[in-house]
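Working notes, structure below.
The values are calculated or read from the model by the stated rules, or taken from the named source; none is laboratory data. The structure presented is a predicted model; accordingly, all values stated were derived computationally and were not measured. Positions of Cβ are generated from backbone atoms using ideal geometry, with glycine treated the same way; all protein chains shown enter the neighbour counts.
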Amino acid sequence: QVQLVESGGGLVQAGGSLRLSCAASGRTSSSYDMGWFRQAPGKEREFVGVISRTGGGTQYADSVKGRFTIARDNAKNTVYLQSNSLKPEDTAVYYCAATVLSMATKPASYRYWGQGTQVTVSS
């Protein structure tokens, strides 16, 4: 079992920066690929990016590629999602999730989920 808790969301202006954290407990996070997803009102949950177990590989959705960066610190059992160029269309609840699969991009592939953290980007 893995418990995930996101933090770091808030209100920022367009072009601003935000760093989300996902803290894992229950067992080492190095056993899992870790994904980030987001969901805006009236929309389906959307893949944002994923990082491999060791942090050696990442994959991003086209909508955030070049603007978002995922990193992980397995010694701290923590995964991060960083952006320095947020847009209003990035407004959503952001979730981290853990999977035993490799570089999965669909929500159904992830077994463990955090509670989500709200990100609001003003124009």
Exercise for review: Kindly list, by first and then second residue, each pair from a residue in the stretch 59-77 that is under 15 Å from Asp90 (Cβ atoms) to a residue that is assigned to a loop (DSSP other than H, G, I, E, B), limited to pairs with Cβ atoms under 7 Å and residues at least 6 apart or on different chains.
Suggested key: Arg67/Ser85
Review point. Failed condition for Gly35, given (1) at pLDDT 95 or above; (2) farther than 15 Å from Ser102 by Cβ; (3) touching a strand residue (DSSP E or B) at 6+ places or on another chain (Cβ under 6 Å), with all others met?
Key: (2)
Exercise for review: For the stretch 49-116, please list each of the strands (runs of 3 or more DSSP E) lying entirely inside it that holds at least 2 residues being more than 19 Å from Arg19 (Cβ to Cβ).
Suggested key: 92-99
**Study point:** Single residue of Ala92, Ala104, Ala108, Ala97 found to be surrounded by fewer than 14 Cβ atoms within 10 Å (Cβ to Cβ) and hydrophobic (A, V, I, L, M, F, W, C)
**Key:** Ala108
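Can you tell me which of Ile70, Ile51 is farther than 19 Å from Val2 by Cα, surrounded by 22 or more Cβ atoms within 10 Å (Cβ to Cβ) and modelled with pLDDT of 95 or more?
Numbers: Ile51 fails: farther than 19 Å from Val2 by Cα.
None of the other options fit; the residue is Ile70.
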